[in-house]
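Engineer: The structure under discussion is supplied below as structure tokens; questions concerning it will follow.
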Amino acid sequence: MPRAVVTLIVLTGAALAAGVLALMTGALPLAPQRVALALAGQGDALARQIVWTVRLPRALAAFAVGGLLAVAGALMQVMLRNPLADPYVLGVSGGAAVAALLGLMAGLGAGQLAWPAFAGALGSIALVFGLARRGGGWNPARLLLSGVGLAAGWGALISFLLAVADPARLPGMLFWLMGDLGGVTRTPWWALAALALLACLAWPLGRSLNVMARGPLEAQALGVPVARVQPVIHVLAALATALAVTVAGSVGFVGLVVPHLVRLTIGNDQRLLIPAAALAGGSLLVLSDTLARTLLAPRALPVGVVTALLGVPVFLYLLNRRGTR
Amino acid sequence: MSPLAARQLVLDVPGRAPGAPLDFALAGGQMVAILGANGSGKTTLLHTLAGLRAPRSGTVQLAGRAIGAWSARARARRLGLLFQDDVASFPATVAESVGAGRFAHQPPWRGLSDADRLAITDALAALQLGDLGRRSLDALSGGERRRVALATLLAQDPPVMLLDEPVNHLDWHHQILIMDHLARLTREAGKTVLLSLHDPNLAARYCPLALLLGPDGAACWGPSAALLTAERLGWLYRHPFACLDDGGVRVFVPR
């Protein structure tokens, strides 16, 4: 499968380029040489300090978040057989957001929200799967509706919290809601590990997903143990989403559009689509975060704003290019 | 041992009285037509036999074992089903779509083997789709898409093939092509083929056995030559039929 190899090599190159750019750019621009020396543990102390403790953790966090969201979105779109599905459709990010906002209101700093956010996301997952399972049997339509309902409920709670919050805390809360990497101080290794694990599972998962795109009955007739595979994939997607929002808040757009972008470019073979979406989503978020840090420097934008500003035109262009064929 | 058998099988058709239980054991090399009016339970029967739907009572035995006792993979290597409706098109090429038929034959970590590729090429060729392998599914006509779905089943290559109205959407040439091919598979490869049809003439011409699903769950089963008569078709479809003689071949036409 040489085309797949070429695709993955190109995307890996793009990810590395985005990473190098992220390490070079900032309040103190660093030349590529200085970055390389600092990465090797040599060169001046200032550059080493900036690269290792500030920019590299943040770039890795961005890559992990973008990759996880893109993979979760790709999984949800196939499982629900709905092109509008995204990682947040089951309400995972809403639960995380409510918990994170409560944390902010209680006086936690942006760097201390990981645990409340993760707990909120897990609680939301438990709730939505519990609701979908009630009444026996596994029913994807019920899962989707439970998720949509739950997400609406979280949305209302979020509005409530914003309305009653201390105005001084509002900017921090809004940044979290839009998705922001400003609070990242350490490399989120667990998120990167989860992303690596998903990429490794891409081949066997993708094989089943390719068949499941034909619908559950047909997939079963072709030999996929649908009743077993479906919940596993849903839970994987939900956990990936939970990890992503824990690191960066609810970054929009990446999970919805990156899978489509990749699909429009390389086709719909899930075995290739999953790792390609991971790389593309990660690169997009690294690039977006670099822009978010520098566009209005010294002010920083929330990265979620930039992902949309950057991704929407590209997406619409690709869509139209296909449409005219 | 029978490749596929129904034991005291009562279909679960919502809102219908149980009707007579079905009891039959198919043999390798048999080709059986299922005839019946709309809503008589043809699709329900095929889905129940494929293990996709639970019966109200009774059992289905695949190669001597209860259908539910097989793993999905192992079952798909022994039994395949062509659905009545084609999948809503999803972005894939014809060859990729037909390749899904090989799913149950591949170990989880491997891609297509040479045997898989050969099965796909053969299936495409058998249905005269050889030139369309790289074409996108969206770009096909309804009849072509039907043949792609059939090719997927041929690539799956199970000993028991269930087909729900396989000649839907097909022109006469392709209807005959497919019925010829299925008949050849029963004759030369010993496949067991059970297919629902709407045309009693195709059933009479190709299927030595027929299963009639009558109104309200009544059913009868036997050699088509004896079973298919104008009166019985009239009962089956609640519409009078005439039987014409075309040089020794009986032809049924609705009056």
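The values are calculated or read from the model by the stated rules, or taken from the named source; none is laboratory data. Since the model is a prediction, treat every value here as computed from it, not as a measurement. Cβ placement follows ideal geometry from the backbone for every residue including glycine, while neighbour counts extend to all protein chains displayed. Please note that ligands, DNA and RNA were not included when accessible areas were found on the heavy atoms of the full protein model with its side chains. Shrake-Rupley method; radii C 1.70, N 1.55, O 1.52, S 1.80 Å.
Engineer: Would you say B:Ala151 is among the hydrophobic types (A, V, I, L, M, F, W, C), touching a Ser or Thr at 6+ places or on another chain (Cβ under 8 Å) and either assigned to a helix (DSSP H, G or I) or open to solvent by 20 Å² or more (accessible area, probe 1.4 Å) (or both)?
Structural biologist: The answer is no for B:Ala151.
Every residue, every condition in (1) farther than 19 Å from B:Phe24 by Cα; (2) buried (at least 19 other Cβ atoms within 10 Å of the Cβ); (3) among the charged types (D, E, K, R); (4) touching a residue at least 24 places away in the same chain (Cβ under 8 Å), yes or no:
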position: B:Asp199; (1), (2), (3), (4): yes, no, yes, yes
position: B:Tyr206; (1), (2), (3), (4): yes, yes, no, yes
position: B:Leu209; (1), (2), (3), (4): no, yes, no, yes
position: B:Leu212; (1), (2), (3), (4): no, yes, no, yes
position: B:Cys220; (1), (2), (3), (4): no, no, no, no
position: B:Thr229; (1), (2), (3), (4): yes, no, no, no
position: B:Trp235; (1), (2), (3), (4): yes, no, no, no
position: B:His239; (1), (2), (3), (4): yes, no, no, no
position: B:Gly248; (1), (2), (3), (4): yes, no, no, no
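Engineer: Moving to a separate point now. Are there any pairs, at least 6 apart or on different chains, whose C-beta atoms fall under 6 Å, with the first in segment A:220-238 and within 14 Å of chain B (Cβ to nearest Cβ) and the second part of a helix (DSSP H, G or I) and of a type in the set (Val, Ile, Thr), and if so, which?
Structural biologist: Partner pairs satisfying both residue conditions: A:Gln220/A:Val226; A:Leu222/A:Val211; A:Val224/A:Val211.
Engineer: In segment B:105-116, what residues are in contact with a His (Cβ under 9 Å, 6 or more places away or on another chain) and outside any loop (DSSP other than H, G, I, E, B)?
Structural biologist: Of everything in segment B:105-116, those that are in contact with a His (Cβ under 9 Å, 6 or more places away or on another chain) and outside any loop (DSSP other than H, G, I, E, B) turn out to be B:Ala115, B:Asp116.
Engineer: Which is at pLDDT 90 or above, within 23 Å of the chain's Cα centre (by Cα), open to solvent by less than 70 Å² (accessible area, probe 1.4 Å) and more than 22 Å from A:Thr246 (Cβ to Cβ), of A:Leu80, A:Leu60, A:Leu56, A:Leu23?
Structural biologist: It is A:Leu23.
Engineer: On to the next question. Criterion first (open to solvent by 30 Å² or more (accessible area, probe 1.4 Å), more than 24 Å from B:Ala219 (Cβ to Cβ) and of a type in the set (Val, Ile, Thr)) does B:Thr93 satisfy it?
Structural biologist: Yes.
Engineer: Quick check, is B:Thr192 more than 20 Å from the chain's Cα centre (by Cα) and of a type in the set (S, T, N, Q)?
Structural biologist: No: the conditions fail for B:Thr192.
Engineer: Still on this model: Just the residues that are within 11 Å of chain A (Cβ to nearest Cβ), of a type outside the set (Gly, Ala, Ser) and closer than 17 Å to B:Leu153 by Cβ, please, taken from segment B:99-116.
Structural biologist: Of everything in segment B:99-116, those that are within 11 Å of chain A (Cβ to nearest Cβ), of a type outside the set (Gly, Ala, Ser) and closer than 17 Å to B:Leu153 by Cβ turn out to be B:Arg102, B:Phe103, B:His105, B:Gln106.
Engineer: Go through (1) in a helix (DSSP H, G or I); (2) without any contact (Cβ under 8 Å) to a residue 40 or more places away in the chain; (3) within 14 Å of another protein chain (Cβ to nearest Cβ); (4) of a type outside the set (Ser, Thr, Tyr) for A:Leu205 and report which single condition fails.
Structural biologist: Every condition holds for A:Leu205 apart from (2).
Engineer: I need the full set of residues from segment B:62-74 which are more than 7 Å from chain A (Cβ to nearest Cβ) and open to solvent by less than 50 Å² (accessible area, probe 1.4 Å), in order please.
Structural biologist: Those that are more than 7 Å from chain A (Cβ to nearest Cβ) and open to solvent by less than 50 Å² (accessible area, probe 1.4 Å): B:Leu62, B:Ala63, B:Gly64, B:Ala66, B:Ile67, B:Trp70, B:Ala74.
Engineer: A follow-up question, please. How many residues are under 30 Å from A:Leu39 (Cα atoms) and not small (Gly, Ala, Ser) when one looks only at segment A:60-114?
Structural biologist: 8
Engineer: Another question about this same structure. Exactly one of these conditions fails for A:Trp115: (1) modelled with pLDDT under 90; (2) open to solvent by less than 40 Å² (accessible area, probe 1.4 Å). Give me its number.
Structural biologist: Only one criterion is unmet by A:Trp115, namely (2).
Engineer: Now a separate question. Report, by residue number, each residue of segment B:240-255 that is in a strand (DSSP E or B) and at pLDDT 90 or above.
Structural biologist: Correct list: B:Phe241, B:Ala242, B:Cys243, B:Leu244, B:Val251, B:Phe252, B:Val253, B:Pro254.
Engineer: Somewhere in segment A:225-238, is a residue assigned to a loop (DSSP other than H, G, I, E, B), of a type outside the set (S, T, N, Q) and modelled with pLDDT of 90 or more?
Structural biologist: yes
Engineer: Only one of these conditions is not met by A:Ala300: (1) over 17 Å from A:Phe175 (Cα atoms); (2) in contact (Cβ under 8 Å) with a residue 40 or more places away in the chain; (3) open to solvent by 30 Å² or more (accessible area, probe 1.4 Å). Which number is it?
Structural biologist: With respect to (1) over 17 Å from A:Phe175 (Cα atoms); (2) in contact (Cβ under 8 Å) with a residue 40 or more places away in the chain; (3) open to solvent by 30 Å² or more (accessible area, probe 1.4 Å), A:Ala300 is out only on (1).
Engineer: Right, something else. Out of everything in segment A:251-263 that is open to solvent by 10 Å² or more (accessible area, probe 1.4 Å) and in contact with a Pro (Cβ under 9 Å, 6 or more places away or on another chain), what residue ends up being nearest to A:Leu285 (Cα to Cα)?
Structural biologist: Looking at residues that are open to solvent by 10 Å² or more (accessible area, probe 1.4 Å) and in contact with a Pro (Cβ under 9 Å, 6 or more places away or on another chain), I get A:Leu256.
Engineer: Within 14 Å of chain A (Cβ to nearest Cβ) and surrounded by fewer than 17 Cβ atoms within 10 Å (Cβ to Cβ): does that describe B:Ala25?
Structural biologist: The answer is no for B:Ala25.
Engineer: Give the number of residues within segment B:135-172 that are closer than 30 Å to B:Pro3 by Cα and small (Gly, Ala, Ser).
Structural biologist: Number satisfying all stated conditions: 3.
Engineer: Going by the structure shown, is A:Leu90 part of a loop (DSSP other than H, G, I, E, B) and either open to solvent by less than 10 Å² (accessible area, probe 1.4 Å) or touching a Ser or Thr at 6+ places or on another chain (Cβ under 7 Å) (or both)?
Structural biologist: In short, yes.
Engineer: Within segment B:117-143, count every residue that is more than 12 Å from chain A (Cβ to nearest Cβ), part of a helix (DSSP H, G or I) and either of a type in the set (A, V, I, L, M) or touching a helix residue (DSSP H, G or I) at 6+ places or on another chain (Cβ under 7 Å) (or both).
Structural biologist: 10
Engineer: Could I ask something else about it? Any residue at all in segment B:58-68 that's among the polar types (S, T, N, Q) and closer than 17 Å to B:Leu212 by Cα?
Structural biologist: No, segment B:58-68 contains no residue that is among the polar types (S, T, N, Q) and closer than 17 Å to B:Leu212 by Cα.
Engineer: Now a separate question. So, in segment B:176-197, exactly how many residues are surrounded by fewer than 17 Cβ atoms within 10 Å (Cβ to Cβ), free of Cβ contacts under 8 Å to residues at least 40 places away in the same chain and not acidic (Asp, Glu)?
Structural biologist: Final tally of qualifying residues: 3.
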